[in-house]
1. Is there a residue in segment B:184-192 that is over 29 Å from B:ASN8 (Cβ atoms), surrounded by fewer than 19 Cβ atoms within 10 Å (Cβ to Cβ), of a type in the set (D, E, K, R) and modelled with pLDDT of 90 or more?
2. If you go through segment A:166-192 one residue at a time, how many are at negative phi and either in contact with a Pro (Cβ under 8 Å, 6 or more places away or on another chain) or within 7 Å of chain B (Cβ to nearest Cβ) (or both)?
3. Just one of (1) aliphatic (A, V, I, L, M); (2) within 19 Å of B:ILE148 (Cβ to Cβ); (3) without any contact (Cβ under 8 Å) to a residue 40 or more places away in the chain trips up B:ALA166, so point out which.
4. Does at least one position in segment B:109-126 carry a residue that is more than 30 Å from the chain's Cα centre (by Cα), within 14 Å of chain A (Cβ to nearest Cβ) and either surrounded by fewer than 17 Cβ atoms within 10 Å (Cβ to Cβ) or assigned to a loop (DSSP other than H, G, I, E, B) (or both)?
5. Can you say whether B:PRO131 is surrounded by fewer than 14 Cβ atoms within 10 Å (Cβ to Cβ) and closer than 25 Å to A:ARG175 by Cβ, as far as the supplied structure shows?
6. Which ones in segment B:249-272 are under 14 Å from B:LYS307 (Cβ atoms) and of a type outside the set (Val, Ile, Thr)?
7. For residues that are more than 28 Å from B:ILE110 (Cβ to Cβ) and over 13 Å from the mean Cα position of the chain (by Cα), tally how many sit in segment B:170-189.
Amino acid sequence: MARKKSNQYRILITCAAWGVALILSFPIIWTLLTSFKTEIDAIASPPKLFHFNWTIENYFIVQERSDYFHHFWNSVIISIGSTLLALVIALPAAWSMAFIPGRRTKDILMWMLSTKMMPAVGVLIPIYLICKDLGLLDSRLALVVILMLMNLPIVIWMLFTYLKEIPGEILEAARMDGANLKNEILYVLVPMAIPGIASTLLLNVILSWNESFWTLNLTGANSAPLTAFIASYSSPEGLFYAKLSAASIMAIAPILILGWFSQKQLVRGLTFGAVK
Amino acid sequence: MGKIQLQNVTKSFGDTNVIPPLNLEINDGEFAVFVGPSGCGKSTLLRLIAGLEDTTSGHILIDGKDATYMSPSDRGLAMVFQSYALYPHMTVKKNMGFPLKMAGMSPEEIEEKVSAAANTLNLTQYLERKPGQLSGGQRQRVAIGRAIVRQPSAFLFDEPLSNLDAALRVTMRLEISELHQKLKSTMIYVTHDQVEAMTMADKIVVFNSGVIEQVGTPVELYRTPKNLFVAGFIGSPKMNFIQGNEATKRGSSTLGIRPEHIDVSATEGEWEGTVILGEHLGSDTFFYIETEMGAITVRQSGEVAFKSGDKIYLTPLTNMLHHFDEQGTRIP
């Protein structure tokens, strides 16, 4: 009897989970379907779910009109560049706060996090003017630096949480075993922190890839990444739903694939320290 | 070689003075045990010797050379940590070979020394395993192996057995003692367990609040404790302390008598009391007795038949009494 009840319960839970998953992913599924429709089918009322003329011509038109690969490379350079730059700055910061904490370490960490609480638009004008004066409008360098600064608090926090989990005694043991600072980091610290560093990198590549406030406001034709590429399809001349959908799918596909293959690493990274 | 001298060493954390000026000498080949209650500064002192903490003032000499400002890696000491502190991503073999690799030895030499050490510690069949796949005792042996491979001038042990169960602790205690006899190197061993101190040490250093209370061989500390703290800390069960009339009568402020130095009788004796509880260990029996002077513990060899509530008479062995003055210092 108890077994039957638990089976019913499991079926119920499974259905509920699928239901929630469907609701959450519906916009993406709808976008994917729309990208294979003609513009007429895309705006048909009532909407057509599967019974329409399937076509892939939107994808060709989008590539032809606005050079997808140019934007793709901009996205790659901006997201990976800003993440690596953030790592170079964050790793020593996290290391010192995790292993040589001072009296104000916690306050510094909170202050870093507090910068994320301010809306980005609050600093739009100063940053825009700085970029203009430095001649960095519409440049990938400016975006790399700005996205690095935006994500730096998260990168430091994540690395700090990871490094904090490494017992100090192990590093002391390395010192007793004759390792200098370089060898201690190279042979002991980094191998133990690699899963943490990897998931931090992954998450921040995703955040930078999807970032659309700064990428839309500070770029022109030259340095625009995929976010700007999508936005260019909601134009004043009217919406082209099918083409917009095709552009969106092309923009999110790389990160969706990356996320799919690394979801285990990502989940571990995000819940690290929360569950021991 | 491995003579360690501490000259006026002090340590403060901020405004808190953990170790007031302290002088101590540990001779080459000696097994010295630092013992004391938790928070008495013994582990801090070990970390100062290791170089993992900086001294606030004073000097640490290793083999006559001033090592006060040397980095841990330059001091030529090896340390075994309470948590084992093995490298989780390396195999046993790599863990044990790590100090040799850091010393720049060739892979052949490392292989040879690691297998010799693994042989000594019965670890040969585990060389390819990771620390996570070993039991507590095996991990502790790997930690010891990592310490012995490079033949350091001295070994530092920081409560190495506290994470092991009671049976394993006894075995490992013997193994460490045997190792000391085989290697004949200086060893400094920190523990809060006075049984470990008594069984392993050549020289025991008793600490209390950062201060050395007494330095001596286990037997010296047992027979002639310098003060009430040492008298109460060394020996199990604890020494009985008697104050008041009975002490004054014998010319002291506090009278100390170990549980094993009291004779018991059902009919006659100097002190009268009532048995509260008996603990029968087979080899010994401990009695907790309520008397006019307070509770007294008595230890008798073998099985002794007294029950709770029985009237009992106690007679201390006069030549085994310890006399202390008002300050708690031993009266010779």
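1. We begin by selecting, within segment B:184-192, every residue over 29 Å from B:ASN8 (Cβ atoms); these are B:184.
Filter again for surrounded by fewer than 19 Cβ atoms within 10 Å (Cβ to Cβ), leaving B:184.
This time we only want the ones that are of a type in the set (D, E, K, R), so: B:184.
Pick out the ones that are also modelled with pLDDT of 90 or more and you get B:184.
The answer is yes; a qualifying residue exists.
2. Residues meeting the conditions: 14.
3. That leaves (2) as the condition not met.
4. Within segment B:109-126 (the criterion being more than 30 Å from the chain's Cα centre (by Cα), within 14 Å of chain A (Cβ to nearest Cβ) and either surrounded by fewer than 17 Cβ atoms within 10 Å (Cβ to Cβ) or assigned to a loop (DSSP other than H, G, I, E, B) (or both)), the answer is no, since none of the residues qualifies.
5. Working: surrounded by fewer than 14 Cβ atoms within 10 Å (Cβ to Cβ): no; closer than 25 Å to A:ARG175 by Cβ: yes.
The answer is no for B:PRO131.
6. We begin by selecting, within segment B:249-272, every residue under 14 Å from B:LYS307 (Cβ atoms); these are B:264, B:266.
Residue satisfying the conditions is B:ALA266 alone.
7. Going through segment B:170-189 one residue at a time, the tally reaches 3.
Residue-by-condition table, conditions (1) in contact with a strand residue (DSSP E or B) (Cβ under 9 Å, 6 or more places away or on another chain); (2) without any contact (Cβ under 8 Å) to a residue 60 or more places away in the chain; (3) more than 23 Å from A:MET112 (Cα to Cα):
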position	(1), (2), (3)
A:ASN151	no, no, no
A:PHE160	no, no, no
A:GLU172	yes, yes, yes
A:GLY178	no, yes, yes
A:PRO191	no, yes, yes
A:ILE197	no, no, no
A:LEU202	no, no, no
A:SER212	no, yes, no
A:LEU216	no, yes, yes
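The values are calculated or read from the model by the stated rules, or taken from the named source; none is laboratory data. All of these numbers come straight from a predicted model, not from anything done at the bench. Using ideal geometry, Cβ is built from the backbone for each residue, glycine included, and neighbour counts are taken over all protein chains shown.
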